[in-house]
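Undergrad: There's a structure below that I have some questions on.
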Amino acid sequence: MKIVVQKFGGTSLATPELREKVCETIIAAKEEGYAIVVVVSAMGRVNEPYATDTLINLVKQINENPPKRELDMIMSCGEILSGSLLTSKLIAEEIKSVFFTGEQAGIITDGNYGDAHILYVNPKKIFEYLENDFVVVVAGFQGVTEEGELTTLGRGGSDTTASALGVAINAEVIDIFTDVEGIMTADPRVVENARLLDVITYNEVCQLAREGAKVVHPRAVEIAMQKSIPLRIRSTFTNSLGTMVTHNINEAQTINIMRDRLITGITYTSNISQIRILINDIKDRKEIELKIFKSLALANISVDFISVQPDLIMFTVFKDSLEKALEVLKNLDIYPEIEVDCSKVAIVGAAMTGIPGIMAKIMEALTEEDITLLQSGDSYTNIWCLVKKTDMQKAVKALHNKFQLGNKN
Ligand code: ADP
Ligand code: MG
């Protein structure tokens, strides 16, 4: 049995016309002889009636901090709606199909409500239905604990559902259908001439996804990679093949391990705040450093971009924990300088540190656009630049241009 997993994101399911298009895609795969598992997200985005964020707001109107267990139950409703709807539509088109919740699909998770990890998948029921020629539609983003508690998998969780199922049933390919052509050298909403990457390695896409390219969830990539199941990121709206994620250059997986390119793309994450602590009394430096980071850890605040210099300590926190961080520092009698709205722009590529001239090019790009670099850092595979949020778009575009990543136009 050759099996394909097709995952459809929220915007791909938002209107009756789009659901029509989704049905056509499913039927086309069926005609090619595939057994099909479809994974659905909730329909639409923020402010649309059945989107997950809308459901969260519904409960938050009543209780600002709803219990996580109950929040998971309401959050899981969006996928149940879209799955039932799509399955009913398929049946109306005389396609034999059945809809499963995460639990019915055999997705077993740990008990970490809101961000549960899939422990294993029991695909027995899915196989039964596939063997009987059913299209199996599964609610993404949800699972169940061994004790029978409903859980959700965190942002982008439907991608993870698709990958976990693909691995469990040994799919030939996992297709992630979304609202862009595939994985691009930058977010096409920010950079108009971003270029489609038609082949990319698991490693490269993991890095892009971890650094903010939300087009596919990094966990989903890691899961598919474990069994080398090819992932394709492609558009619901067109018939093009999108991006193939694999170890190999060609789909046939015969020759040539593909080499990661020097620079894959430019990504960004926002909602970051920078904290700068000037240390006047150098004598107590060590003690102060220790106190600061211990206290922040105790308060469960995650810090990033840490830079410790003789007279200055800098780091970033997510904007939503800024207030808490300032409170912690205040208790230590520390009143730092802050930059509330920052973005972390990442130049992502394999093995680029140590290549001469890259940092110089970055500085050149930012200076030419008059962008202040608040902080920078690097690892083996990334260079990060912290900029003001208002400079983010300009910075991403400038870096994308400087490294000539885009389509020529
Ligand atoms: P879905 O609802 O289908 O899961 P997402 O919103 O999660 O869709 O992901 C698709 C979005 O990812 C695109 O609309 C695009 O704006 C964004 N995106 C960010 N970085 C990239 C990138 N490098 N390539 C393609 N899309 C990107
Ligand atoms: Mg997504």
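The values are calculated or read from the model by the stated rules, or taken from the named source; none is laboratory data. All figures in this text were calculated on a predicted structure; none of them were measured in a lab. Backbone-built Cβ (ideal geometry, glycine too); neighbour counts: all protein chains shown. Each accessible area value is taken on the protein alone, full model and side chains, heavy atoms only, with ligands, DNA and RNA left out. Shrake-Rupley method; radii C 1.70, N 1.55, O 1.52, S 1.80 Å.
Undergrad: For the stretch 139-146, in order, what is each residue's ³J(HN,Hα) by Karplus, 6.51 cos²θ - 1.76 cosθ + 1.60 with θ = phi - 60°, in whole Hz (x at glycine and Pro)?
TA: Each residue of the stretch 139-146 in turn: 5, x, 6, 9, x, 9, 7, 4 Hz.
Undergrad: Between ILE272 and residues 5 or more places away or on another chain, which pairs have amide H atoms under 5 Å apart, with H built 1.01 Å from N, and which residues are they?
TA: The list, which skips near neighbours in sequence, is LYS319, CYS342.
Undergrad: Right, another one. Calculate the radius of gyration of the Cα atoms of the stretch 79-191 to one decimal place, then report Dmax, the largest Cα-Cα distance, as a whole number, both in Å.
TA: Rg then Dmax for the stretch 79-191, in Å: 15.2, 46.
Undergrad: Counting every Cα pair in the chain, what percent are over 34 Å apart?
TA: Cα-Cα pairs in the chain separated by more than 34 Å: 37 percent.
Undergrad: Return the distance in nm (one decimal) between the two label points of a simple spin-label model at CYS77 and LEU278, each offset 7 Å from Cα along Cα→Cβ.
TA: 5.3 nm
Undergrad: Report, for the chain, the % of DSSP beta bridges that are antiparallel, rounded to 5. Spell out each step's value before the answer.
TA: Numbers: 43 of 70 bridges.
Antiparallel bridges make up about 60 percent of those DSSP assigns within the chain.
Undergrad: Also, quick follow-up: Per residue, how much accessible surface does the chain expose to a 1.4 Å probe? Answer in Å², no decimals.
TA: Details: 19430 Å² over 409 residues.
Computed with neighbouring chains in place, this is 48 Å² per residue.
Undergrad: What list of whole percents do you get for P(r) of the stretch 3-179, with Cα-Cα distances grouped in 10 Å bins up to the one holding the largest distance?
TA: Using 10 Å bins, I get a P(r) of 11, 41, 35, 12, 1 for the stretch 3-179.
Undergrad: What percentages make up the Cα-Cα pair-distance distribution of the stretch 265-402 when the bins are 10 Å wide from 0?
TA: Going out from 0 Å in 10 Å bins, the stretch 265-402 shows 12, 39, 31, 17, 2 percent.
Undergrad: Something else: Carbon and sulfur: what percent of the chain's accessible surface (1.4 Å probe)?
TA: 51 percent
Undergrad: Provide the net charge surrounding LYS319, with neighbours chosen by a C-beta distance below 15 Å and charges set as Lys +1, Arg +1, Asp -1, Glu -1.
TA: -2
Undergrad: Please list, or write none, the lysines whose alpha carbon is within less than 25 Å of the alpha carbon of LYS21, excluding same-chain residues fewer than 8 places away.
TA: The qualifying lysines are LYS2, LYS7, LYS30, LYS89, LYS96, LYS214.
Undergrad: Per-residue HN-Hα couplings for the stretch 196-203, Karplus 6.51 cos²θ - 1.76 cosθ + 1.60 at θ = phi - 60°, whole Hz, x for Gly and Pro?
TA: 6, 9, 7, 10, 8, 8, 3, 4
Undergrad: Could you tell me the calculated FRET efficiency between GLU93 and GLU32, based on Cβ-Cβ distance and R0 = 22 angstrom, to the nearest 0.05? Can you show the working numbers first?
TA: Working: r = 17 Å, r/R0 = 0.77.
Efficiency, rounded to the nearest 0.05: 0.85.
Undergrad: Follow-up. Amide H of PHE403: which non-local residues (sequence gap of 5 or more, or other chain) have their own amide H closer than 5 Å, using H built in the peptide plane?
TA: none
Undergrad: Listed highest first by mean packing, meaning other Cβ atoms within 10 Å per residue, what order do 98-106, 188-196 come in?
TA: Ranked from most to least packed, the peptides come out as 98-106, 188-196.
Undergrad: Per the helix-only calculation at 222 nm, which mean residue ellipticity applies to the chain, given -39500 (n - 2.57) for every DSSP H run of n ≥ 4 and division by its residues, nearest 500 deg cm²/dmol?
TA: Working: 12 runs with 133 residues, N = 409.
Rounded to the nearest 500, it is -10000 deg cm²/dmol.
Undergrad: Modelled label-to-label distance, TYR120 and LYS2, 7 Å Cα→beta-carbon offset: nm?
TA: Taking the simple label geometry, TYR120 and LYS2 are separated by 3.0 nm.
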